[in-house]
Amino acid sequence: MFGSKALDDDELEEIEEILFTADIGVKTAQKLLEYIEKELSRKDKSRPEKILGGLQEKIRSMLSIETKPLDFESNKPLVILVVGVNGTGKTTTIGKLAMRFTDEGKKVILAAGDTFRAAAAEQLQVWAERTGAQLIRGQEGGDPGAVVYDAISAAKSQNADLVIADTAGRLHTKVNLVEELKKIHRVCGKAMPGAPHEVWLVLDATTGQNAINQAKQFHKALELTGMILTKLDGTAKGGVIIGIADTFGIPVRFIGIGEQAADLRRFDSEAFVKALFT
């Protein structure tokens, strides 16, 4: 399609179909189509490589949201609350984050705030042992807010650099469960004014359009500061984050491309767009 000949109307319709079926989201896909139709001149339409380049640049700009570096100096401990629905790889991602930060010389405390999923705390315990992080956990079925409070208190007394708090895989459509997440958020502030300093949503790249609704509900409840996209090691392109970044202005912090700890990579918008069009 993006060869040497000019694009005809049928091919422009095909581009439209591709955008609408790439999990980008209707609103953002429409914005990209309008960009092709209105902002690129007819001269450029006869040069498909210009359209492709313009499209890539537009997507890059949507994803290039200013991401402030984590402020370990002003906030000790820095508290990161990690949220997401069941099955996204949230707890594993927390373990990988612990590995990354301990490798950077940070003292990390993990809070096993998912007190409802069987073996969630055990899963974090394995990561704690593997990374040298400390784990604070409570009773199964207990109050997750109390666990997070204890973790922040322990981090303060031990002069730790970072608290990463797991939470139960909240079904974003269940009002009572979202309210409990809000409670955990408030508890963080009681344990340490200003906490949590970051609220990151873990999304499964294979989820598709439902991920946009997840982001909408979690952002409304907690004001998300970042996203982590997992399971990009399969056929999923992860186009959904373009729509989320464009609609809500939430930056992507990391992507997961495999099971190993080293497979959690910092997000690079240029590399992502290049892979998206490969």
Requested in this report: Look at residue 80 and say whether it is touching a Pro at 6+ places or on another chain (Cβ under 8 Å), at pLDDT 85 or above and either open to solvent by less than 20 Å² (accessible area, probe 1.4 Å) or among the hydroxyl-bearing types (Ser, Thr, Tyr) (or both).
Outcome: yes
**Report entry** Flag if residue 220 is in contact with a helix residue (DSSP H, G or I) (Cβ under 8 Å, 6 or more places away or on another chain), of a type in the set (D, E, K, R) and open to solvent by 50 Å² or more (accessible area, probe 1.4 Å)
**Finding:** no
Query raised in the report: Is it fair to say residue 114 is surrounded by fewer than 22 Cβ atoms within 10 Å (Cβ to Cβ) and not in a helix (DSSP H, G or I)?
Result: no
Query - Number of the condition not met by residue 257 [criteria: (1) of a type in the set (A, V, I, L, M, F, W, C); (2) touching a helix residue (DSSP H, G or I) at 6+ places or on another chain (Cβ under 8 Å); (3) within 21 Å of residue 19 (Cα to Cα)] - result: (3)
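Keeping to the stretch 193-212, report how many residues are open to solvent by 20 Å² or more (accessible area, probe 1.4 Å) and within 15 Å of residue 86 (Cβ to Cβ).
Qualifying residue count for the region: 3.
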Requested in this report: Within the stretch 231-239, identify whether any single residue is touching a residue at least 60 places away in the same chain (Cβ under 8 Å), at negative phi and of a type in the set (Lys, Arg), and answer yes or no.
Outcome: yes
Query raised in the report: Taking the condition in a helix (DSSP H, G or I), open to solvent by 20 Å² or more (accessible area, probe 1.4 Å) and within 21 Å of residue 230 (Cα to Cα), does residue 92 pass?
Result: yes
Report summary line: For the stretch 196-218, the count of residues that are farther than 24 Å from residue 70 by Cα and among the hydrophobic types (A, V, I, L, M, F, W, C) equals 3
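Being under 22 Å from residue 58 (Cα atoms), open to solvent by 20 Å² or more (accessible area, probe 1.4 Å) and of a type outside the set (A, V, I, L, M, F, W, C) is true for just one of 182, 190, 274. Which residue is that? Break it down stepwise before answering.
Numbers: 182 fails: under 22 Å from residue 58 (Cα atoms); 190 fails: under 22 Å from residue 58 (Cα atoms).
Testing whether each residue is under 22 Å from residue 58 (Cα atoms), open to solvent by 20 Å² or more (accessible area, probe 1.4 Å) and of a type outside the set (A, V, I, L, M, F, W, C) leaves just 274.
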Query raised in the report: Given the residues 244, 257, which is the only one that is hydrophobic (A, V, I, L, M, F, W, C) and open to solvent by less than 30 Å² (accessible area, probe 1.4 Å)?
Result: 244
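Would you say residue 70 is assigned to a loop (DSSP other than H, G, I, E, B) and either under 27 Å from residue 124 (Cα atoms) or at pLDDT 90 or above (or both)? It would help to see each step written out before you state the result.
Numbers: assigned to a loop (DSSP other than H, G, I, E, B): yes; either under 27 Å from residue 124 (Cα atoms) or at pLDDT 90 or above (or both): yes.
Answer is yes for this residue.
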Query raised in the report: Looking at (1) open to solvent by 10 Å² or more (accessible area, probe 1.4 Å); (2) closer than 17 Å to residue 109 by Cβ, which is the one condition that is false for residue 167?
Result: (1)
Query raised in the report: Considering the stretch 42-95 alone, what residues qualify as being of a type in the set (Gly, Ala, Ser), within 30 Å of residue 160 (Cα to Cα) and touching a Leu at 6+ places or on another chain (Cβ under 8 Å)?
Result: 84, 95
**Report entry** the stretch 4-26, subset more than 17 Å from residue 205 (Cα to Cα) and in contact with a helix residue (DSSP H, G or I) (Cβ under 6 Å, 6 or more places away or on another chain), residue most open to solvent (accessible area, probe 1.4 Å)
**Finding:** 16
**Report entry** Test: residue in the stretch 143-151 that is over 21 Å from residue 200 (Cβ atoms), open to solvent by 20 Å² or more (accessible area, probe 1.4 Å), hydrophobic (A, V, I, L, M, F, W, C) and not in a helix (DSSP H, G or I)
**Finding:** no
Query raised in the report: Being over 21 Å from residue 155 (Cβ atoms), in contact (Cβ under 8 Å) with a residue 40 or more places away in the chain and of a type in the set (D, E, K, R), is that true of even one residue in the stretch 108-118?
Result: yes
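The values are calculated or read from the model by the stated rules, or taken from the named source; none is laboratory data. Bear in mind the structure is a predicted one, so any value in this text is a computation, not a measurement. Glycine gets a Cβ as well: all are built from the backbone with ideal geometry, and neighbour counts include every protein chain shown. What goes into the accessible areas is simple: the full protein's heavy atoms, side chains included, and nothing from ligands, DNA or RNA. Shrake-Rupley method; radii C 1.70, N 1.55, O 1.52, S 1.80 Å.
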